[in-house]
1. Shape call for segment B:52-131 from the C-alpha gyration tensor, a ≥ b ≥ c root eigenvalues: rounded (a/c under 1.5), prolate (a/b greater than b/c) or oblate?
2. Per 5 Å bin, what percent of the C-alpha pairs of segment C:333-378 does each bin hold, from zero upward?
3. How far is C:F410 from the same spot in each other copy, in nm, shortest first, if each label point sits 7 Å from Cα toward Cβ?
4. Defining a contact as two alpha carbons under 8 Å apart and six or more residues distant in sequence, what relative contact order in percent does chain A show?
5. Is there a quick way to get the dipole size of chain B? I mean about its Cα centre, with the Cβ of Lys and Arg at +1 and of Asp and Glu at -1; what is the value in debye to the nearest 20?
6. Do any chymotrypsin sites (Phe, Trp or Tyr not before Pro) in segment A:236-338 lie in a loop, going by DSSP, with at most 11 other beta-carbon atoms within 10 Å of their beta carbon, and if so which?
7. Using a cut-off of 23 Å between alpha-carbon atoms, which lysines can reach A:K115, once sequence neighbours fewer than 8 places away in the same chain are excluded?
8. Any chance you could get the radius of gyration and Dmax over the Cα atoms of chain B, in Å?
Amino acid sequence: MTDAATNMRLKLPIICFILEIILIILFGVLVQYNEETDAKEWHETNRTDYENDFYYRYPSFQDVHVMIFIGFGFLMTFLQRYGFSSVGFNFLIAAFALQWATLMQGFFHGMHEGKIHIGVESMINADFCTGSVLISFGAVLGKTSPVQLLVMALFEVTLFAVNEYILLSVLGTRDAGGSMTIHTFGAYFGLMVTRILYRPNLDKSKHRNSSVYHSDLFAMIGTIYLWMFWPSFNSAITAHGDDQHRTAMNTYYSLAACTLSTYGMSALTAHDGKLDMVHIQNAALAGGVAAGTAGEMMLTPYGSMIVGFLAGIISVLGFKYLSPVLEEKLKIQDTCGVHNLHGMPGILGAIVGAVTAAVATVDVYGDGMKDVFPDVASGEVDASYQGGIQAASLAVTLGIALLGGLIVGFILKLPVFGAPSDTICYEDNIYWEVPGEEADHDGQSTAVRMEESEKLNS
Amino acid sequence: MTDAATNMRLKLPIICFILEIILIILFGVLVQYNEETDAKEWHETNRTDYENDFYYRYPSFQDVHVMIFIGFGFLMTFLQRYGFSSVGFNFLIAAFALQWATLMQGFFHGMHEGKIHIGVESMINADFCTGSVLISFGAVLGKTSPVQLLVMALFEVTLFAVNEYILLSVLGTRDAGGSMTIHTFGAYFGLMVTRILYRPNLDKSKHRNSSVYHSDLFAMIGTIYLWMFWPSFNSAITAHGDDQHRTAMNTYYSLAACTLSTYGMSALTAHDGKLDMVHIQNAALAGGVAAGTAGEMMLTPYGSMIVGFLAGIISVLGFKYLSPVLEEKLKIQDTCGVHNLHGMPGILGAIVGAVTAAVATVDVYGDGMKDVFPDVASGEVDASYQGGIQAASLAVTLGIALLGGLIVGFILKLPVFGAPSDTICYEDNIYWEVPGEEADHDGQSTAVRMEESEKLNS
Amino acid sequence: MTDAATNMRLKLPIICFILEIILIILFGVLVQYNEETDAKEWHETNRTDYENDFYYRYPSFQDVHVMIFIGFGFLMTFLQRYGFSSVGFNFLIAAFALQWATLMQGFFHGMHEGKIHIGVESMINADFCTGSVLISFGAVLGKTSPVQLLVMALFEVTLFAVNEYILLSVLGTRDAGGSMTIHTFGAYFGLMVTRILYRPNLDKSKHRNSSVYHSDLFAMIGTIYLWMFWPSFNSAITAHGDDQHRTAMNTYYSLAACTLSTYGMSALTAHDGKLDMVHIQNAALAGGVAAGTAGEMMLTPYGSMIVGFLAGIISVLGFKYLSPVLEEKLKIQDTCGVHNLHGMPGILGAIVGAVTAAVATVDVYGDGMKDVFPDVASGEVDASYQGGIQAASLAVTLGIALLGGLIVGFILKLPVFGAPSDTICYEDNIYWEVPGEEADHDGQSTAVRMEESEKLNS
């Protein structure tokens, strides 16, 4: 029999059904097609079909979608006995978060006569917000029940929308690829949650907190998809034309440079001069994170490469030297090392964005200034002020993320959500029907597996 | 030595070569570039390059293509010893079916002076038709030879084109995402085929008719790709502009809602309150199937979510309670449970489409009515009549699928196609050179594997 | 302890850092945004946003990108103990090669006032050039250190750019999908390199030069992605409009036909009439290679199918009968059989292109002639002369590839690059921290694994 505390027979159905029914009711009351998805309104605009935003953004949306569901989902399958949960809980909380994000972002980003208008851009924004939740999921991976994750998503999406509103709408911050709003926010929120959920006896599950050969290959599917589609991520909601084009290209070069510094640093720091899969799977992506804010700016290709190069170095050093310290001294058990992939590179990206904004000139941007820095183009602020806004936004983001993580961490500690005990973390078998280990011909290994399952659950 | 009956040395080459040579001859006689792919004709149209349908539809086509080859292919790798066949036969029959579908659909959809004109839209339609064959493949998975599958594809594509012609061209049915033409047709055709091919002693292969840990992870690759790209599937051939945009968005929300109800129902119904991978891999997709007909209509976002929510519930209940009954009472051995993923949700989608069509008004659709319901817009029929047409189309589809499956099932029973015996179903080793089980260092497990292979084949 | 010769602690960091710093400096000096990515210039052009090349080519670029990083990377994971290196070294050398290719191709394709202008088209071209390097990687797979691979990429990219310049800019050759410039070049370059690096005692690693069940499934991920996105590859840089559209469609049908002939030939030639995964993983792709040159021409759908059909046959025959001869007689140890997938089909594609060009008429191409054969349209040459140019280009490509491979092969023989000894080829463990074999419950198999690691390294 399964442990009653972690049994999901009632808890999970109840929360899934209640959340979905609330979502449906709120969508029914508040959400409408926007001008580009509504049959009547679109035909009243007299715009030609190819001007519909669908054709500008849908390919980018699908790339982002792949990053959210395949990228994040498979990146986390590196654990030997947690593949079902990594992909499966990623799937569940993302499916919830994107619906909830549609409402929260719509609510904060401006209602139209009391209604939220949606289309491909809101879909991308909802996926972005979901990405932030999945970053936090990486910090607590293996140590939380699906109910806890849904509750975390509920609050985190809300706080994400608040922070995003303050930055983009109140302060006028530019952050198209989300170095701050997505990566910094998601990482520090998750780090604070995992700090509050600190498990002193987690070493009892230590033997499961590592990869096996094939689980590392599955994880590489996630890594490579994130890496390939990051140019689409950063460019998905920038202005049409040169902006989308330039952002994608800057990110492409940032990532390429990051990959070389990651491999170099991994061989330099790892045991016996061998490459460490943890670095390759994660640090090689830091170049995408770090180009999130400045990617749309006139960062230049070599500027992008410098940013990526530094991000890879910082990230590997973080995995090697900082993560052990965070765990031992600060009691932050960061399963996926999100601090190294999203936290520090996110801060780097915010700083690069602030500096790049501060030195922006009409000489360089021409009429393109109004797309990248509308407040500077309109004369409302000057470039150096915009740079200051960018820097202040980083502080705001860190504050909201840490405070939010603190509160939500305590909520998640309530003993009703079915969290696993310290001895059975990183284990699919608690929440999933797990089949036998490998194809076998006499049934023996399956029997062994099941026996162990029973032991775990007794 | 291999069993002579299942030996493919001559059977498979003969059918592959004959089919392909016939295809080449028929293409040579009948098929031409359409106005958008022909160098001369395109330059005579005086349309600008960005008006070429390629830019409206090719990204959607590629998403559909991924669903057909990766989505369906990997979804079926859940069986422990059938991964090569799942991906490999999927690949073979899809490559054949898309060529044959080009001819059959071109033939029925209207020839141009005796020629079939092709471009990206016909490519999407060919992939759609192929999808229907792959759904049927799911019902007979593990129990058929590649020759049987090619023969099944040959007939099923033909009947698909007939049914599609009756619905879309004769009756004026709307079914952009194929709830009826693709899913209902493919499911009930396949169910009837597997009924006719009933194997009374299939329990002798029962130990292979289950998953192992890694095979379930491979299957999740298929599931997630199908889930992500379903919005592209349903919107791939709708009208340009708001129609593609709206359809993709409706499907996106339908799938998200479906995922939450699937997880809830899985935990509620499965053993010990644990999640069942079969449900997650399949039922979470039912929201895409169910939005296939009404997705292009003004279903509203919350309407889409209700449809997806119900589809997930129906699908899990089908896996849990109906499939065992179908197998025991009706002798329908449905390997992948296509009745739960494509059959019932397809019917649900058809009904939702009929209702949504029946209540369509100019007040809601405006000038967009001519894209969604051209017969209603032209005044030829009224909305409630269109609704009736939609409902009648479901009956037609079911009739053709079941009757077709009956006939084709008996054809496939002919003892010349190399079907496996009841004792060696769900086994790659009959049709594939299978390497050793896992990397090993003394060659022992490979030896074991080969020994067993010989036993199977002796 | 690791063998000092293959220890990467200093070698890999040094080469990665030096290369990346040189790249950054050269990009800083030479590279600029082009008119479509520069904020100022784009806004001065007065073109509408949807005319930005981004919207014509970015979806194709992303498909190509997936082919390079997932397609090539996972295709090579078929080896039982070389998955980390296949995906990981593929990732590393591709990330380097695309940056270096940007410079080399920019340098040869025409500087603008001393500067290289970049955008989505140059990104696609850089990925193309990278593909050529990865083909050569396939020939030497399992027998080279990452440092050797980076050195190979450095020289190969340079020679690729020279050959491409001679063909496209000097001779006026047409080769949009790169049957010659990418596939023939990459294959024969790699074959010559592996010939020079001939290892007489490679049979000591023979037991690792084969697949296991799951590694073949991972490889199928690579195969299917290459297969699906090849239409995007061949059409990525053709002219806008009908050209991209037609090229994608021709490739689609060529691949479908190729798949049927591959399955037929595999069953016909393989042991016991069973299908051989090596054929399916590779030969089924030959149709894409063979349509690389003529794909943009008015090849007709059935012409494309004939080409694909022949390519599949040639490729399977090559794997079955030619590869063993090349290895035994010519001492060419071609790990992935790139001669069968890229070499011979590339030559076939070049010949088909020459013939198709020679028979081009204004009657067929109309005003589209200027996009496909600009020199013929302008009257500079006639069609048969263009055909001659195409044929001569094949000879030039073979010459540069073989001579280049010869020289680079000798450079790679220098004993400073950390190549593995003959006894430990095809083994991740030399260059990677490798975790335990499979999830285990008593730690035994991990122990076994580590013990073997130590043996290998002692």
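The values are calculated or read from the model by the stated rules, or taken from the named source; none is laboratory data. These numbers come from a predicted model, not from an experiment. So basically every Cβ, Gly included, is an ideal-geometry build from the backbone, and we count neighbours across all protein chains shown. Just the protein is used for accessible areas: all its heavy atoms, side chains included, with ligands, DNA and RNA removed. Shrake-Rupley method; radii C 1.70, N 1.55, O 1.52, S 1.80 Å.
1. oblate
2. Histogram of Cα-Cα distances, whole percents per bin: 5, 20, 18, 15, 12, 10, 9, 6, 4, 1.
3. Once sorted, the set of distances for C:F410 reads 7.5, 7.5 nm.
4. Reported as a whole number, the value is 23 percent.
5. Using Cβ point charges on Lys, Arg, Asp and Glu, chain B gives about 1380 debye.
6. Nothing satisfies the criteria.
7. Straight-line reach from A:K115, under 23 Å: A:K40.
8. Gyration radius and largest Cα-Cα distance of chain B: 22.3, 77 Å.
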